[in-house]
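Engineer: Just passing along the structure, written as structure tokens.
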Amino acid sequence: MTQNKHNRKVLEPRLIQRERVQHSLAITAIAALLVSSCNKPDLDQTQNEPIDAVFYETEQQCKADIKQQNQNYQAQLAAVQRGELKQTPTPPIMKPEDCAPQLLEARQEHERTAPIYANLQDCQSEGVQCEAVTPSASSGYRPVYGGTYFYPYNSPHYSYVNYGGYYRQVYETRPVYASNTPGQVVTAFGQTVAKTTAGRVQVPRHTMNSAPQRPEGISARGTISGRGKQGFGSSFKSTGRGGK
Amino acid sequence: MKALPVLRRPHWQQHIRDNAYQSDALSDIPQKYWIEALPQPFVIQFDRREETAIAQATEQLWAMCVEFLDWFFTEENPNAVDRRLALLKIRPEYWPAIKQSWDRVEPEEDLTLMTRFDLVVNETGAIKLIEINGETPLLGAETVYQWNWFVDYYRNYQNSPFPLPSDTSQFNEFWEKIAAQWRWLANAYRLKETGISFLVDERLEEDLEMAMQLIQILHDEVDPEIYTQVVYLRDLKDDAGNLIQRGIGLDEEGYFVDHANDRIPVLWKMYDWSDIQNDMANTGCTKVLAQRLEKGNVKVLEPLWKQVLSNKGAMALMWERFKNTNYQQYLLATYFDHDVCPDATKLILNIHVKKPLLGMEGVGISIQAGTGALEQQASMGYGTEGYIHQDYIELPQAFGYHYMVGSWVINDEPAGIILRGDTSRITSRHCLIIAHIISDDGLYIPAPA
């Protein structure tokens with residue numbers, strides 16, 4: 001019999017972390033909340049404000065950009081020494097040799113988090129370009145990698161990547177998918193963002209949300225039934241609203 | 001037990017929004033879903049003897065359920081189990097899977113997360129089971145919130161005109177017991193590797209709120225890295241009719257699949273097995289699903305054997321089986337509508353309750369006296385599968401509400417209570433959530449200012 005245990009329970013409230021739980025669910029579920037809930041969750045209000053980020057698609061872009069940043073830095077430094085410029089410039093945040101592991105991390109993150117669809121049509125219906133997944137264990141289609149954001153400014157988060165046998169510290173990445181619509185990319189949560197140039201950019205805060213890592217899934221086999229008027233939910237007899 | 005008026009806290013709606021799932025319903029004044037939406041808020045006070053009695057009854061009733069299921073699935077003569085499954089109007093294609101499901105419970109398969117008994121607890125000390133919410137028990141969010149209400153009230157409103165007795169506590173171990181059960185399930189079902197999908201009806205906000213409450217407990221108390229996702233019963237569309245997320249599906253090998261067409265290894269659902277089975281009959285998939293469930297490699301909460309407990313026919317079988325045992329003290333006489341034994345006839349001629357075998361939330365239930373209905377709820381299409389007749393017992397009343405006790409049982413143990421009231425004698429979805437306190441009327445000594 002356990003019914004008296006709670007008498008000794010500390011009088012503490014159970015903290016409700018609604019916003020965190022919503023974030024932990026795939027964003028599609030959050031979109032659903034936006035549709036179904038009378039009170040729009042607060043999470044939207046800061047999600048669209050622009051924040052500083054870096055966007056690259058390839059290692060070459062990254063290297064070229066860092067090289068350019070370095071040239072600008074050297075030029076500004078020289079100008080300071082000549083007394084033409086008062087403010088000391090900030091050096092580039094990365095070295096050209098950081099580009100390869102950084103972009104490798106983005107590719108790996110894409111591998112880890114991109115959803116796999118049973119067929120091409122399903123994948124494309126999400127508004128993204130799609131490719132066949134090669135290992136036959138999880139055959140299907142997934143969105144094409146479309147570059148990555150990372151956030152080196154204002155207390156960045158780091159990750160580690162095995163690069164040539166050594167673990168290298170890199171910035172956490174948020175890869176995006178190539179969109180069917182030119183001039184756009186699609187985030188892991190299905191939100192479209194205007195495609196930016198390579199290098200330092202300003203993008204909505206929501207691009208920073210990390211994709212929930214799907215456990216390695218097994219794709220459905222064959223035709224999928226149960227969606228549509230005769231399928232799941234067709235026997236449910238509505239009883240109004242309230243509690244079961 | 002008695003009703004105790006309490007203060008409507010000045011910022012109660014904000015407190016609900018900050019401290020509860022189901023906050024839209026709980027904080028909505030017109031719905032009168034939470035006590036503070038009433039002109040005079042009140043709680044129900046039980047004393048410690050009553051609390052112990054409710055906990056004992058809950059523990060005993062669960063022991064009875066287990067004993068019942070062991071009997072139900074035992075072939076004392078050929079086809080005995082099939083005859084019982086037929087009595088409950090369960091589709092024959094699923095009989096092998098349901099039997100397997102109960103056989104698999106030991107050691108670590110086809111596990112249950114929780115069950116809620118609906119009990120009548122009255123002033124005479126009677127505690128009677130009126131329903132088993134075996135499969136889709138809601139009210140988890142409300143159970144957690146009544147605790148948060150209690151903590152806030154006890155900390156901040158004891159100097160109000162309506163202080164709680166100084167020895168007040170609450171019978172509420174829902175959070176910690178769910179946490180412990182999640183821990184067990186996470187291990188047994190390897191949730192870290194498989195993740196878990198929560199199936200909710202996209203039209204019912206309370207389903208998603210319950211799911212989120214359980215997800216938070218899972219992430220807070222077990223592992224925040226366990227992958228969780230929400231899967232909807234039907235395609236989810238925005239107001240303009242654009243598809244937001246495809247609904248759940250079934251592949252050719254009988255696996256449930258999510259919106260990305262991945263198989264779902266572990267599914268928590270807020271949708272009855274009987275409805276899933278009818279849906280799959282509509283779409284011609286009964287065979288593949290039944291065969292898949294029989295294999296047992298798809299884990300579902302609640303498991304298939306719960307379908308037996310949540311069927312009201314089980315109440316008639318339990319009465320028949322246990323009316324001469326110690327469990328009888330917690331049971332109401334119950335008969336199938338085709339039962340013609342003298343006791344059944346006597347019951348049907350007196351005031352009694354008629355309930356469909358399936359259906360929740362009071363649908364199709366009527367209070368009968370001899371020939372006609374005294375009070376009834378719309379049937380909403382339930383009842384074609386048959387009825388039971390259950391002896392009538394009056395619910396206690398407070399402030400114009402008839403109220404009953406929802407009593408949680410988690411991991412074979414009582415885990416707390418949540419009360420619901422209704423202005424009708426039949427508790428429906430349009431009910432009132434009533435907080436409770438436990439107290440032996442200790443003296444109230446105001447804290448020094």
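The values are calculated or read from the model by the stated rules, or taken from the named source; none is laboratory data. Nothing here was measured: the structure is a model prediction, and the numbers come from that model. Please note: Cβ atoms are built from the backbone with ideal geometry, for glycine as well, and neighbour counts cover all protein chains shown.
Engineer: Would you confirm whether or not the stretch A:185-192 contains a residue that is more than 14 Å from chain B (Cβ to nearest Cβ), in contact with a Lys or Arg (Cβ under 8 Å, 6 or more places away or on another chain), in a loop (DSSP other than H, G, I, E, B) and on the phi > 0 side of the Ramachandran plot?
Structural biologist: Within the stretch A:185-192, none of the residues are more than 14 Å from chain B (Cβ to nearest Cβ), in contact with a Lys or Arg (Cβ under 8 Å, 6 or more places away or on another chain), in a loop (DSSP other than H, G, I, E, B) and on the phi > 0 side of the Ramachandran plot.
Engineer: Continuing with the same structure: State the number of residues belonging to the stretch A:193-206 that are at pLDDT 85 or above and of a type in the set (S, T, N, Q).
Structural biologist: 2
Engineer: Also, quick follow-up: Would you check which residues across the stretch B:2-26 are assigned to a loop (DSSP other than H, G, I, E, B) and farther than 21 Å from A:Arg20 by Cα and list them?
Structural biologist: B:Val6, B:Leu7, B:Arg8, B:Arg9, B:Pro10, B:His11, listed by residue number.
Engineer: Residue check, B:Asn324 against (1) in contact (Cβ under 8 Å) with a residue 60 or more places away in the chain; (2) part of a loop (DSSP other than H, G, I, E, B), all met but one. Which one?
Structural biologist: (1)
Engineer: Right, next: Pull out all pairs, ordered by first then second residue, where Cβ-Cβ is under 8 Å, the residues are six or more apart or on different chains, the first lies in the stretch B:48-74 and is outside any helix (DSSP H, G or I), and the second is of a type in the set (Val, Ile, Thr).
Structural biologist: Cβ pairs passing all conditions: B:Phe73/B:Val81; B:Thr74/B:Val81.
Engineer: Sticking with this structure for a sec: Looking for something within 20 Å of B:Thr228 (Cα to Cα), more than 10 Å from chain A (Cβ to nearest Cβ) and outside any helix (DSSP H, G or I) - is there at least one such residue anywhere in the stretch B:161-183?
Structural biologist: No - not one qualifying residue is present in the stretch B:161-183.
Engineer: How do the pairs read when you match residues in the stretch A:66-80 that are within 24 Å of A:Tyr56 (Cα to Cα) with residues anywhere that are exposed (fewer than 14 other Cβ atoms within 10 Å of the Cβ), using Cβ under 7 Å and keeping only pairs 6 or more apart or on different chains?
Structural biologist: These pairs meet every condition: A:Ile66/A:Lys95; A:Tyr73/A:Pro91.
Engineer: Residues in the stretch B:76-97: is at least one aromatic (Phe, Trp, Tyr), over 30 Å from B:Gln216 (Cβ atoms) and modelled with pLDDT of 95 or more?
Structural biologist: Checked against the condition, which is being aromatic (Phe, Trp, Tyr), over 30 Å from B:Gln216 (Cβ atoms) and modelled with pLDDT of 95 or more, the stretch B:76-97 yields at least one hit.
Engineer: A further question on this structure: Mind checking which pairs have a first residue in the stretch B:9-31 that is within 11 Å of B:Tyr145 (Cα to Cα) and a second that is in a loop (DSSP other than H, G, I, E, B) and aromatic (Phe, Trp, Tyr), Cβ under 8 Å, 6 or more apart or different chains?
Structural biologist: If the second residue must be in a loop (DSSP other than H, G, I, E, B) and aromatic (Phe, Trp, Tyr), the pairs left are B:Leu26/B:Tyr33.
Engineer: Test A:Arg82 against the criterion of being surrounded by fewer than 21 Cβ atoms within 10 Å (Cβ to Cβ), at pLDDT 90 or above and under 21 Å from A:Val193 (Cα atoms), and give yes or no.
Structural biologist: Taking the combined requirement at face value, the residue does not satisfy it.
Engineer: Among the listed residues B:Arg17, B:Arg48, which satisfies the condition of being touching a strand residue (DSSP E or B) at 6+ places or on another chain (Cβ under 7 Å) and facing another protein chain (nearest Cβ under 10 Å)?
Structural biologist: B:Arg48
Engineer: Six or more apart or on different chains, Cβ under 6 Å: which pairs go from a residue in the stretch B:248-259 that's buried (at least 24 other Cβ atoms within 10 Å of the Cβ) to one that's among the acidic types (Asp, Glu)? Could you list them?
Structural biologist: As it stands, the answer is B:Val257/B:Asp251, since those pairs meet every condition given.
Engineer: To continue, here is another question. For the subset of the stretch B:140-152 comprising residues that are crowded, with 24+ Cβ neighbours inside 10 Å and among the aliphatic types (A, V, I, L, M), which member is nearest to B:Met210 (Cα to Cα)?
Structural biologist: So, considering only residues that are crowded, with 24+ Cβ neighbours inside 10 Å and among the aliphatic types (A, V, I, L, M), the one nearest to B:Met210 (Cα to Cα) is B:Ala141.
Engineer: Considering each residue of the stretch B:247-283, count those that are closer than 18 Å to B:Leu204 by Cβ, of a type in the set (D, E, K, R) and at the interface with chain A (Cβ under 7 Å from one of its Cβ atoms), and give that number.
Structural biologist: Looking only at that region, the number is 2.
Engineer: Are any residues in the stretch B:192-210 of a type in the set (A, V, I, L, M, F, W, C) and over 12 Å from B:Leu113 (Cβ atoms), and if so, which ones?
Structural biologist: B:Leu199, B:Val200, B:Leu204, B:Leu208
Engineer: Identify the residue in the stretch B:54-86 that is closer than 18 Å to B:Ile417 by Cβ and not hydrophobic (A, V, I, L, M, F, W, C) and, among all such residues, is surrounded by the most Cβ atoms within 10 Å (Cβ to Cβ).
Structural biologist: Top of the filtered list is B:Thr58.
Engineer: Any chance the stretch B:382-401 includes a residue that's modelled with pLDDT under 95, assigned to a loop (DSSP other than H, G, I, E, B) and facing chain A (nearest Cβ under 10 Å)?
Structural biologist: yes
The rows are residues; the columns are (1) surrounded by fewer than 20 Cβ atoms within 10 Å (Cβ to Cβ); (2) more than 22 Å from B:Glu209 (Cβ to Cβ); (3) within 22 Å of the chain's Cα centre (by Cα).
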residue	(1), (2), (3)
B:Asp18	yes, no, no
B:Lys32	yes, no, yes
B:Gln40	yes, yes, no
B:Ile44	no, yes, yes
B:Asp47	yes, yes, no
B:Thr52	yes, yes, yes
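Engineer: Quick one: A:Lys86 ticks every box in (1) within 13 Å of chain B (Cβ to nearest Cβ); (2) of a type in the set (D, E, K, R); (3) more than 30 Å from B:Asp262 (Cβ to Cβ) except a single one, so which number is it?
Structural biologist: The failed condition is (1).
Engineer: Somewhere in the stretch B:366-375, is a residue at pLDDT 70 or above and within 22 Å of the chain's Cα centre (by Cα)?
Structural biologist: Looking through the stretch B:366-375, at least one residue is at pLDDT 70 or above and within 22 Å of the chain's Cα centre (by Cα).
Engineer: I've got another one for you. Which condition does B:Asn326 not pass, out of (1) at pLDDT below 95; (2) more than 14 Å from chain A (Cβ to nearest Cβ); (3) at negative phi, if it passes all the others?
Structural biologist: Tallying (1) at pLDDT below 95; (2) more than 14 Å from chain A (Cβ to nearest Cβ); (3) at negative phi, B:Asn326 fails exactly one: (1).
Engineer: Now for a different question. Can you tell me which residues in the stretch A:44-81 are outside any helix (DSSP H, G or I) and of a type in the set (D, E, K, R)?
Structural biologist: A:Glu49, A:Asp52, A:Glu57
Engineer: Same structure again: Testing B:Tyr153 on (1) of a type outside the set (Val, Ile, Thr); (2) in a loop (DSSP other than H, G, I, E, B); (3) under 22 Å from B:Tyr21 (Cα atoms), one condition comes back false. Which one is that?
Structural biologist: Checking B:Tyr153 against (1) of a type outside the set (Val, Ile, Thr); (2) in a loop (DSSP other than H, G, I, E, B); (3) under 22 Å from B:Tyr21 (Cα atoms), the one that fails is (2).
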